[in-house]
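The values are calculated or read from the model by the stated rules, or taken from the named source; none is laboratory data. All values derive from a computational prediction rather than experimental measurement. FYI the Cβ positions are ideal-geometry reconstructions off the backbone, even for glycines, and counts take in every protein chain you see.
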Amino acid sequence: MESLNRMAIELVDEAIDFAEVLGTGAYELENGATVLDFGVDFDGGVEAGLLLSEIQTGGLATVQTNVGELGGAPIRYVELTTDHPDLALLCSQKAGWEVSIGEFEGLGSGPARALVGTEDVFHRVGYHDAFDLTVLTVESDDLPDERVAEHVADLAEVNEESVFLVGFRTASIAGSVSIGARAAELAAFRLSELGYDPTDIVSAAGKAPVAPVAASEEEAMARTNDALAYGGQVHLTVREDFDRFDEIVSTAGERYGEPFADIYETVDWDFYELDEGVFAPAKVTVDVIGGPTHVHGETDEELLADSFDL
């Protein structure tokens with residue numbers, strides 16, 4: 001497979017060229033690294049969120065929005081489809097990089113993870129990227145600085161001027177869109193954690209409502225996770241049957257039925273204190289090639305309408 005980072009860099013070039021149209025910004029740090037602002041000091045927009053999701057998946061997914069209905073109200077949904085779920089979702093889109101440098105705290109996703117390749121999922125997929133430029137998207141209140149770029153360059157084994165950092169807040173339009181586009185990724189990762197071979201997931205598609213932009217990062221964290229756990233719908237096409245498909249969905253979790261605002265409160269809003277099993281889509285269809293089709297889970301429009309303040 002071609003380099004995830006090479007394909008993502010092409011999208012980053014597009015983002016820089018059309019920054020004004022996207023409502024985003026871009027600038028160079030003193031050490032030569034480049035920062036793209038997709039929703040911290042710049043407002044960004046829906047198109048910025050779609051491009052952000054494409055960058056996060058290394059260009060191996062198609063992402064689009066449409067208008068659906070929730071609680072009787074028209075609302076925007078985001079859809080993602082990929083025929084390379086192991087690479088696009090697990091080796092790139094997954095937010096698997098905790099960025100903690102000095103006072104800076106952020107959650108990293110994107111193809112830079114594939115240059116490091118130390119997470120278990122890379123061993124399961126059997127993929128490690130090699131390229132001289134790299135992209136990491138960083139979900140944080142603040143934009144990444146030189147120290148973050150140096151940290152990424154060091155772990156990815158590239159020059160600092162070869163690092164492109166895309167920053168966005170959870171409480172932003174691009175943040176709501178890109179997090180809503182993670183429904184299929186949650187299903188693929190959960191399935192992999194249950195012991196299923198991720199390379200046997202042939203195709204994946206997911207959709208979720210785009211959470212209204214919240215007034216704070218904490219409220220945004222709760223709303224976007226509610227959107228996935230109670231509104232995320234996924235279709236997977238796989239090669240092999242499995243007796244634990246019912247455990248992919250959020251209804252299988254002990255905390256199902258609780259809004260994420262309450263769940264986060266129990267751990268003082270520390271994302272890393274929660275069991276990863278709580279992050280799951282609401283409903284999943286698994287189509288086994290030449291075999292049965294499994295359907296598990298359910299959506300909860302009432303909880304979502306309350307979370308979104310509809």
Hits in the range 93-135 - residues which are touching a strand residue (DSSP E or B) at 6+ places or on another chain (Cβ under 8 Å) and aromatic (Phe, Trp, Tyr): TRP97
Tell me, please, whether a residue that is farther than 30 Å from PRO74 by Cβ and free of Cβ contacts under 8 Å to residues at least 40 places away in the same chain can be found in the range 166-186. no
Of all residues in the range 21-40, which are in contact with an Asp or Glu (Cβ under 9 Å, 6 or more places away or on another chain) and in a loop (DSSP other than H, G, I, E, B)? GLY23, THR24, LEU29, GLU30, ASN31, GLY32, ALA33, VAL40
Suppose the filter is touching a Lys or Arg at 6+ places or on another chain (Cβ under 8 Å), hydrophobic (A, V, I, L, M, F, W, C) and surrounded by fewer than 20 Cβ atoms within 10 Å (Cβ to Cβ); does PHE18 pass it? no
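Using the structure shown, decide if GLY175 is within 16 Å of the chain's Cα centre (by Cα), farther than 22 Å from GLY110 by Cα, modelled with pLDDT of 95 or more and crowded, with 20+ Cβ neighbours inside 10 Å.
no
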In the range 72-130, which residues are of a type in the set (S, T, N, Q) and in a helix (DSSP H, G or I)? SER92, GLN93
If we take the range 131-218, then helices (runs of 4 or more DSSP H) inside it with 1 or more residues that are in contact with a helix residue (DSSP H, G or I) (Cβ under 7 Å, 6 or more places away or on another chain) and over 21 Å from SER92 (Cβ atoms) are 146-156, 173-180
Consider ALA305 carefully, then state whether it is surrounded by 13 or more Cβ atoms within 10 Å (Cβ to Cβ), outside any loop (DSSP other than H, G, I, E, B) and at pLDDT below 95. no
